Amino acid sequence: MIESEVKYILPIDGLKESWDYETIFVNPPYGRNENKTSIYDWIKKGVEANTKGSEILYLIPVATNTRHFKEL
């Protein structure tokens, strides 16, 4: 089965939407946004989706000294 493409673009909050897809591409905001979320929140949601079988591909900066890199 071929999935149709679904995009969550502002003003839609992708963290509140379903991530129940086979493959998910994520380009999160790099700093805190108006909803007070950060890269950590986006990676955490991806980890949850991955445990349900989704493949997550992120476009994020490499920052090995950050909490999201160390914890997630």
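The values are calculated or read from the model by the stated rules, or taken from the named source; none is laboratory data. None of the values given here were measured: they were computed from a predicted structure. Cβ placement follows ideal geometry from the backbone for every residue including glycine, while neighbour counts extend to all protein chains displayed. Heads up: the accessible areas ignore ligands, DNA and RNA and are worked out on the full protein's heavy atoms, side chains in. Shrake-Rupley method; radii C 1.70, N 1.55, O 1.52, S 1.80 Å.
Overview of results
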{"quantity": "Residue pairs meeting the criteria (Cβ under 8 Å; at least 6 apart or on separate chains; first of a type in the set (Ser, Thr, Tyr), in the range 19-30; second open to solvent by less than 30 Å² (accessible area, probe 1.4 Å) and assigned to a loop (DSSP other than H, G, I, E, B))", "calculated": "21/54; 23/54"}
{"quantity": "Given (1) open to solvent by 70 Å² or more (accessible area, probe 1.4 Å); (2) under 25 Å from residue 4 (Cβ atoms); (3) at pLDDT below 90, index of the condition residue 55 fails", "calculated": "(3)"}
{"quantity": "Complete set of residues in the range 48-68 that are among the hydrophobic types (A, V, I, L, M, F, W, C) and either under 17 Å from residue 32 (Cβ atoms) or part of a loop (DSSP other than H, G, I, E, B) (or both)", "calculated": "59, 60, 62, 63"}
{"quantity": "The range 44-72 residues that are more than 17 Å from residue 21 (Cβ to Cβ), paired with ones that are surrounded by 12 or more Cβ atoms within 10 Å (Cβ to Cβ) and among the basic types (Lys, Arg) (beta carbon under 9 Å, 6 or more apart)", "calculated": "68/44; 71/44; 72/44"}
{"quantity": "Hey, residue 22 over 11 Å from the mean Cα position of the chain (by Cα) and at pLDDT below 90 or not", "calculated": "no"}
{"quantity": "Check on residue 45, under 14 Å from the mean Cα position of the chain (by Cα) and outside any loop (DSSP other than H, G, I, E, B)", "calculated": "yes"}
